[in-house]
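Student: Dropping the structure in here first, questions after.
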Amino acid sequence: MDYKGYLIDLDGTMYNGTEPILAAKRFIKRLQDKHIPFLFVTNNATQTQKEVRDNLQTNFDIVVKEEQVYTSSLATAKYMKKLNKGNKVFTIGETGLKDALAKADFIEDKENPDFVVVALDRQVTYTDFEIATLAIQKGAQFIATNKDTNRPSEKGMVPGAGSLVALVVAATRVEPTFIGKPESIIMDEAVEVIGLKKEEVVMVGDNYETDILAGIQNNIDTLLVYTGFTKPEDLTVDMKKPTHSIRSLDEWTIR
């Protein structure tokens with residue numbers, strides 16, 4: 001099927017941790033040669049657009065523009081801006097999230113924030129969790145960038161943003177609004193950013209639970225590539241199948 005645009009995952013689809021996926025570079029080059037728009041859609045909230053772009057270029061020789069990267073941090077900031085419920089925020093998160101919120105005119109406030117946002121934060125402290133918990137109990141809106149409980153590393157599957165979110169949920173008994181894949185918030189915003197309709201794009205990714213469900217739950221066609229998280233044997237008979245599935249991006253025909 002012909003698609004006018006592509007929404008593309010990163011880790012497991014473009015690369016595996018620090019290991020390149022050679023077919024990914026060829027896939028992006030084919031899209032660029034045919035002038036087909038694409039947008040990298042990632043749940044990674046730790047990096048800025050520039051950092052994601054630099055990582056692709058420096059480590060994997062995939063040359064793209066900053067504006068071709070859309071992170072859960074950007075989606076979070078945009079969603080909060082639309083709510084128009086104040087600009088004070090307490091953040092558990094790293095540079096990517098804090099940069100996106102600052103650029104959207106949010107200011108850090110530990111005393112009386114309008115929002116508490118939780119993302120992956122590898123320097124988080126007990127005090128941070130204490131501040132977040134008390135703020136939510138006092139009425140701050142609880143937002144989480146993504147549900148991913150684990151993330152791949154050279155050490156194995158280490159805690160992800162969802163694990164930190166779970167601690168705050170346990171302490172507050174309040175469920176957050178989740179932003180990242182497979183939620184509709186990031187997908188609706190990604191479609192808006194790429195400037196196409198849902199029926200004109202396809203979501204490309206390696207993870208059934210995030211990338212593929214993001215498409216299935218939001219009426220977007222999906223292309224599952226078996227180069228990362230999900231393997232063919234993981235798809236059981238009761239699961240809704242992706243629109244397309246391939247073992248390598250080299251198998252995909254771009255028209």
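Student: Among the residues of the range 203-225, what is the count of those that are crowded, with 16+ Cβ neighbours inside 10 Å, at pLDDT 95 or above and part of a loop (DSSP other than H, G, I, E, B)?
Tutor: Adding up the residues that qualify gives 2.
Student: While we're here: Give the residues of the range 155-175 that are in a loop (DSSP other than H, G, I, E, B) and more than 16 Å from the chain's Cα centre (by Cα), sorted by residue number.
Tutor: Step one: list which residues in the range 155-175 are in a loop (DSSP other than H, G, I, E, B), which gives 155, 160, 173-175.
Within the range 155-175, Lys155, Arg173, Val174, Glu175 meet the criteria.
Student: Let me ask something additional. Would you please name the residue that is nearest to Lys82 (Cα to Cα), looking only at residues in the range 111-154 that are among the hydroxyl-bearing types (Ser, Thr, Tyr) and within 22 Å of the chain's Cα centre (by Cα)? Please lay out each step first, then the result.
Tutor: Start the filter on the range 111-154 by keeping residues that are among the hydroxyl-bearing types (Ser, Thr, Tyr), which leaves 125-127, 133, 145, 149, 153.
Narrowing further to those that are within 22 Å of the chain's Cα centre (by Cα): 145, 149, 153.
Working: Thr145: 16, Thr149: 27, Ser153: 34 Å.
Checked the range 111-154; the qualifying residue nearest to Lys82 (Cα to Cα) is Thr145.
Student: Another question, then. For the range 22-35, what are the residues that are of a type outside the set (Phe, Trp, Tyr), farther than 14 Å from Asn55 by Cβ and either touching a residue at least 60 places away in the same chain (Cβ under 8 Å) or not assigned by TED's automatic domain parsing to the domain that holds Val225 (or both)?
Tutor: If the condition is that a residue be of a type outside the set (Phe, Trp, Tyr), farther than 14 Å from Asn55 by Cβ and either touching a residue at least 60 places away in the same chain (Cβ under 8 Å) or not assigned by TED's automatic domain parsing to the domain that holds Val225 (or both), then Ala23, Arg26, Arg30, Leu31, Lys34 are the ones that fit.
Student: Can Ile136 be described as among the hydrophobic types (A, V, I, L, M, F, W, C), touching a Phe, Trp or Tyr at 6+ places or on another chain (Cβ under 6 Å) and in contact (Cβ under 8 Å) with a residue 24 or more places away in the chain? Before the answer, list the steps.
Tutor: Details: among the hydrophobic types (A, V, I, L, M, F, W, C): yes; touching a Phe, Trp or Tyr at 6+ places or on another chain (Cβ under 6 Å): yes; in contact (Cβ under 8 Å) with a residue 24 or more places away in the chain: yes.
Answer is yes for this residue.
Per-residue answers, yes or no, for (1) surrounded by fewer than 17 Cβ atoms within 10 Å (Cβ to Cβ); (2) farther than 29 Å from Tyr15 by Cβ:
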position: Asp114; (1), (2): no, yes
position: Gln123; (1), (2): yes, no
position: Gly139; (1), (2): yes, yes
position: Met157; (1), (2): yes, no
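Student: May I ask you to verify whether Met80 is hydrophobic (A, V, I, L, M, F, W, C) and closer than 21 Å to Ile254 by Cβ?
Tutor: On the way: hydrophobic (A, V, I, L, M, F, W, C): yes; closer than 21 Å to Ile254 by Cβ: no.
The answer is no for Met80.
The values are calculated or read from the model by the stated rules, or taken from the named source; none is laboratory data. Just so it is clear, the structure is predicted and the values come from calculations on it, not from any experiment. In this analysis, Cβ positions are derived from the backbone assuming ideal geometry, glycine residues included, and neighbour counts consider all displayed protein chains.
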